[in-house]
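Here the structure comes first, spelled out in structure tokens, and everything after it is commentary.
Derivation of every value follows stated rules applied to the coordinates shown; laboratory data play no part. The structure presented is a predicted model; accordingly, all values stated were derived computationally and were not measured. Positions of Cβ are backbone-derived with ideal geometry, glycine not excepted, and every protein chain shown enters the neighbour counts.
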Amino acid sequence: MKVPLFDPTSAIEPLRAEINAALLEVSAAGQFILGPNVEAFEQEFANAVGADEAIGVANGTEAITIALRALGVGPGDEVIVPSFSYYASAEAIPPTGAVPVFCDIDPSTYISTAEQVKAVMTPRTKAVVAVHLFGNVAPVAEIEALGVPVVEDCAQAAGSVGPGGRPGALGAIASHSFYPSKNLGAFGDGGAITTSDKELAERVRMLRFHGSRDRVTYEEVGFNSRLDEIQAAVLRVMLPQLSQWAQHRAAVGQTYSELGLGDLVTLPQPAAAATPAWHLYVVATDNPDQLAEQLGASGVESRGYYRSPIHEQPSMSAWPTRQGTLPGTDEAARRHLALPISATIGDDQLEQVVTAVRAALGR
């Protein structure tokens, strides 16, 4: 039996009829941009996250850029971001005119600490992008205590819970992605921005629609970045299932531990008082690519995601790391490997994964 790294379809099979009905309703109504489903989803998603406002946008990358612009980030400013993350976390910064400043991460949790952020702060630091990587929960309150606003990158953390609440309601403003493989995925691209600051929310709404509040006067050069009715309708059907899916993802980590996976590889450590809804279950081992090849031969999919951290990407060569080296990032990049996880993965599949890991390592 093959065990896929991702399985985004099994969880939605029981929802097919409801999803199809919702899509037919959108088609019949003929309103496809910023219609009633978007408005309803924005309120429902804000409630689920614990924020006062949610604003739908086209994708998670533009959500970061627009959130930074809403905070007033612009030319001459610096934005701190971890280098061990998906490329978009940093890619979203230069379009504001600001420059990315790369900070390190703790390789046991894959997230940045406040101390690591503080180490690269300067008077030009205007914001920090705190990434809830793999579903773990970054210490947003501790970072904001340094005196700069935080944009939470929640792309991989839908359903996770931290000591101060859910990602998306922990800092000044937050970005979300509904890419199909995410914990809460649409049928295409989609994103959202959440905040409990009404002024920030109004500014985000203006920026997502070409920099206009009334579609007549254009205050700024903004974006054409809107969540469409089709994706909102799909997300409205899925959102009530998120809590159940998240609980299963969290339980997978516990099951992997109980099956003895931690005797074979280094398991990811939840942040203090956090219950991660693991988007990816990322372990560490000394020869991850060799292990991945052996697992593949036994029918278990696995993958290394960020072998080359963002600061090593050619497009980021203009912004070298301030500290020279990022030892936690280098360790995580070298040793990490994502193992199968989904909202419906079964215990028999998890047992197969652990058995394959044990055999591959000769244990």
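Straight-distance candidates among the aspartates and glutamates for linking to LYS126, with alpha-carbon spacing under 13 Å and chain neighbours fewer than 8 residues away dropped: ASP77, GLU78, GLU144. Once backbone amide H atoms are built at 1.01 Å from N, GLU301 has VAL3, LEU5 as its partners under 5 Å, excluding neighbours fewer than 5 places away on the same chain.
Ranked for footprinting exposure by Cβ neighbours inside 10 Å, fewest first, ILE64, ILE173 give ILE173, ILE64. Backbone geometry of the stretch 196-204 corresponds, through the Karplus equation with coefficients 6.51, -1.76 and 1.60 at θ = phi - 60°, to 3J(HN,Hα) couplings of 10, 9, 4, 5, 5, 4, 5, 5, 4 Hz, x marking Gly and Pro. I need the phi-derived Karplus couplings for the stretch 124-129: 6.51 cos²θ - 1.76 cosθ + 1.60, θ = phi - 60°, integer Hz, Gly and Pro marked x. Using θ = phi - 60°, the values come out as 8, 5, 9, 6, 10, 8 Hz.
Among PHE102, PHE45, PHE6, the ranking by other beta carbons within 10 Å of each residue's beta carbon, starting with the fewest, stands as PHE6, PHE102, PHE45. Residues considered: GLY56, GLY165, GLY147. Largest GNM mean-square fluctuation over the chain, using C-alpha springs under 10 Å, is found at GLY147.
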